[in-house]
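Here the structure comes first, spelled out in structure tokens, and everything after it is commentary.
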Amino acid sequence: MSLALLIEWAIKSVVIILIILGGFAYLTLLERRTLARIQVRIGPNRAGPWGLLQPIADAIKLIFKEELTPRDADKVLFFLAPIITVIPALIILAVIPLGGEATLFGNTYRLDLASNVNVGVLYILAIASIAVYGIVIAGWSSGNKYALMGGIRSSAQMISYELALGLSIVGPILLAQSMSVDQIIDGQRGLWYVVLQPVGFLIFMLASIAEVNRAPFDMPEAEQELTAGYHTEYSGMKFALFFMAEYGKMIAVSFIAATLFLGGYLGPYVERFWWLGPIYLFIKVLFVLLIIIWLRATLPRFRYDRLMEFGWKILLPLALLNVLVTGAIYVLVGGAV
């Protein structure tokens with residue numbers, strides 16, 4: 001293994017971490033300011049110009065807060081749970097291309113974050129499926145019945161909505177005839193898959209929001225009846241890691257939605273100017289993030305039985321029907337789509 005390859009991998013790993021950490025910090029500010037605008041109030045604007053230093057102020061506060069460990073907690077698992085929760089959010093972006101090929105100093109580089117895997121969609125689904133373990137372990141290891149209920153709710157919810165999430169991605173796979181993320185993007189050069197798969201995109205968005213435990217699907221951390229849910233007993237930086245995982249997964253979901261349904265880095269003149277690719281991709285990601293924030297500000301929380309009913313009785317049959325119709329049309333038109 002060459003030194004140049006190791007350096008390239010190290011740089012790409014740093015880029016992934018910076019996207020998640022920087023995105024987490026300022027996505028919280030974007031959400032608070034957007035929610036304030038929707039609710040006709042001001043939002044945070046005191047720390048720094050236009051409130052831009054608010055995430056840094058929050059980070060300093062959390063760093064210096066006292067961390068408590070319950071007497072009856074499983075100490076090892078209680079410590080590991082936040083780390084297990086945040087790791088999938090950091091590594092799921094590894095197969096998402098930021099752009100096509102870039103020429104720098106006479107050399108040509110691919111603007112993928114880590115690796116061009118020919119089963120990139122399978123990697124995304126595999127990493128997304130392990131995110132629930134940290135939340136379940138956090139609830140169980142706390143020795144608190146409210147936290148345990150939050151962990152159990154989360155496992156039931158994520159397993160339920162993961163079925164619809166996986167089926168919603170089958171449409172782009174069928175249209176591109178590949179599980180490679182790069183080939184799915186190439187298949188959208190003429191027309192984005194959101195036009196051909198509007199139902200699949202809708203199912204993906206709803207199931208993803210449920211997977212990330214965002215409102216109106218945030219039952220695992222329902223404050224009214226569970227005081228805070230699975231992270232009730234956490235404080236300080238351990239508490240911050242859970243929210244880093246949540247916002248990191250929001251960013252990852254937005255990257256995946258933009259890549260599979262909105263053409264990824266494709267856009268006008270992207271073939272001529274390689275640096276437009278990442279700009280187009282980040283604009284699409286921001287658009288998806290604003291939709292997620294808008295839904296939080298608009299919709300009330302589901303009742304738990306209706307949340308499960310919505311996943312099993314509406315989203316899952318609709319996702320199966322979408323796969324059936326997509327496959328039938330693809331066969332009838334001979335793959336012309």
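The values are calculated or read from the model by the stated rules, or taken from the named source; none is laboratory data. Predicted, not measured: the structure shown is a model, and the values here were computed from it. Heads up, the Cβs are rebuilt from the backbone with ideal geometry, glycines too, and the neighbour counts pull from every protein chain shown.
Taking Met149, is it more than 14 Å from the chain's Cα centre (by Cα), at pLDDT below 90, farther than 21 Å from Ile87 by Cβ and not in a helix (DSSP H, G or I)? Write out each step before concluding.
On the way: more than 14 Å from the chain's Cα centre (by Cα): yes; at pLDDT below 90: yes; farther than 21 Å from Ile87 by Cβ: yes; not in a helix (DSSP H, G or I): no.
No: the conditions fail for Met149.
Considering each residue of segment 243-291, count those that are in contact with a strand residue (DSSP E or B) (Cβ under 7 Å, 6 or more places away or on another chain) and at positive phi, and give that number.
Going through segment 243-291 one residue at a time, the tally reaches 1.
Among Leu175, Leu202, which is more than 30 Å from Ile11 (Cα to Cα), among the aliphatic types (A, V, I, L, M) and either under 19 Å from the mean Cα position of the chain (by Cα) or surrounded by fewer than 17 Cβ atoms within 10 Å (Cβ to Cβ) (or both)?
Numbers: Leu175 fails: either under 19 Å from the mean Cα position of the chain (by Cα) or surrounded by fewer than 17 Cβ atoms within 10 Å (Cβ to Cβ) (or both).
Checking each option against the conditions leaves just Leu202.
Of the numbered conditions (1) of a type outside the set (Phe, Trp, Tyr); (2) out of contact with any Pro (no Cβ under 8 Å at 6 or more places or on another chain); (3) surrounded by 18 or more Cβ atoms within 10 Å (Cβ to Cβ); (4) modelled with pLDDT under 85, Ser160 satisfies every one except a single condition; which is it?
Checking Ser160 against (1) of a type outside the set (Phe, Trp, Tyr); (2) out of contact with any Pro (no Cβ under 8 Å at 6 or more places or on another chain); (3) surrounded by 18 or more Cβ atoms within 10 Å (Cβ to Cβ); (4) modelled with pLDDT under 85, the one that fails is (4).
Looking at Gln188, is it of a type in the set (S, T, N, Q) and not in a helix (DSSP H, G or I)?
On the way: of a type in the set (S, T, N, Q): yes; not in a helix (DSSP H, G or I): yes.
In short, yes.
Yes or no: Phe273 free of Cβ contacts under 8 Å to residues at least 12 places away in the same chain, closer than 17 Å to Phe204 by Cα and aromatic (Phe, Trp, Tyr)? Give the steps one after another, and end with the answer.
Numbers: free of Cβ contacts under 8 Å to residues at least 12 places away in the same chain: yes; closer than 17 Å to Phe204 by Cα: no; aromatic (Phe, Trp, Tyr): yes.
For Phe273, the condition - free of Cβ contacts under 8 Å to residues at least 12 places away in the same chain, closer than 17 Å to Phe204 by Cα and aromatic (Phe, Trp, Tyr) - is not met.
Would you be able to tell me the number of residues in segment 16-58 that are aliphatic (A, V, I, L, M), part of a helix (DSSP H, G or I) and in contact with a helix residue (DSSP H, G or I) (Cβ under 9 Å, 6 or more places away or on another chain)?
Applying the first criterion (aliphatic (A, V, I, L, M)) to segment 16-58 yields 16-21, 25, 27, 29-30, 35-36, 38, 40, 42, 47, 52-53, 56-57.
Subset that is part of a helix (DSSP H, G or I): 16-21, 25, 27, 29-30, 35-36, 38, 56-57.
Those left that are additionally in contact with a helix residue (DSSP H, G or I) (Cβ under 9 Å, 6 or more places away or on another chain): 16-17, 19-21, 25, 27, 29-30, 35, 38, 56.
Here the count works out to 12.
Check segment 121-142 and report whether any residue there is surrounded by fewer than 22 Cβ atoms within 10 Å (Cβ to Cβ), modelled with pLDDT under 85 and not in a helix (DSSP H, G or I).
Within segment 121-142, one or more residues are surrounded by fewer than 22 Cβ atoms within 10 Å (Cβ to Cβ), modelled with pLDDT under 85 and not in a helix (DSSP H, G or I).
When segment 282-337 is examined, which residues are found to be touching a residue at least 12 places away in the same chain (Cβ under 8 Å) and not in a helix (DSSP H, G or I)?
Listed by number, the residues that qualify are Leu299, Pro300, Arg301, Phe302, Gly335, Val337.
Give the residue, chosen from Leu202, Leu175, Leu206, that is free of Cβ contacts under 8 Å to residues at least 12 places away in the same chain and either in a helix (DSSP H, G or I) or closer than 30 Å to Phe261 by Cα (or both). Break it down into steps so the answer makes sense when it comes.
Working: Leu175 fails: free of Cβ contacts under 8 Å to residues at least 12 places away in the same chain; Leu206 fails: free of Cβ contacts under 8 Å to residues at least 12 places away in the same chain.
Residue meeting the stated conditions: Leu202.
Which of the residues belonging to segment 303-337 are in contact with a helix residue (DSSP H, G or I) (Cβ under 7 Å, 6 or more places away or on another chain) and hydrophobic (A, V, I, L, M, F, W, C)? Even if it seems obvious, please write down each step before you answer.
The initial filter retains those residues of segment 303-337 that are in contact with a helix residue (DSSP H, G or I) (Cβ under 7 Å, 6 or more places away or on another chain), namely 304, 307-308, 311-312, 315-316, 318-320, 322-323, 326-327, 330, 337.
Listed by number, the residues that qualify are Leu307, Met308, Trp312, Leu315, Leu316, Leu318, Ala319, Leu320, Val323, Val337.
Suppose we filter Leu281, Leu266, Leu299 for residues that are surrounded by 13 or more Cβ atoms within 10 Å (Cβ to Cβ) and within 23 Å of Leu165 (Cβ to Cβ); which single one remains? Full working, then the answer.
Working: Leu266 fails: within 23 Å of Leu165 (Cβ to Cβ); Leu299 fails: surrounded by 13 or more Cβ atoms within 10 Å (Cβ to Cβ).
Just a single option satisfies the conditions, and that option is Leu281.
Of the numbered conditions (1) more than 25 Å from Ile17 (Cα to Cα); (2) buried (at least 17 other Cβ atoms within 10 Å of the Cβ); (3) at pLDDT 90 or above, Pro44 satisfies every one except a single condition; which is it?
Unmet condition: (3).
Somewhere in segment 312-334, is a residue within 30 Å of Gly22 (Cβ to Cβ), among the hydrophobic types (A, V, I, L, M, F, W, C) and in contact with a Ser or Thr (Cβ under 9 Å, 6 or more places away or on another chain)? Step through it out loud before you land on a result.
Going residue by residue through segment 312-334, those that are within 30 Å of Gly22 (Cβ to Cβ) are none.
No; the residues of segment 312-334 include none that is within 30 Å of Gly22 (Cβ to Cβ), among the hydrophobic types (A, V, I, L, M, F, W, C) and in contact with a Ser or Thr (Cβ under 9 Å, 6 or more places away or on another chain).
Check off (1) under 20 Å from Arg32 (Cα atoms); (2) surrounded by 16 or more Cβ atoms within 10 Å (Cβ to Cβ); (3) modelled with pLDDT under 85 for Leu289 and give me the number that stays unchecked.
Going through (1) under 20 Å from Arg32 (Cα atoms); (2) surrounded by 16 or more Cβ atoms within 10 Å (Cβ to Cβ); (3) modelled with pLDDT under 85 one by one, Leu289 breaks only (3).
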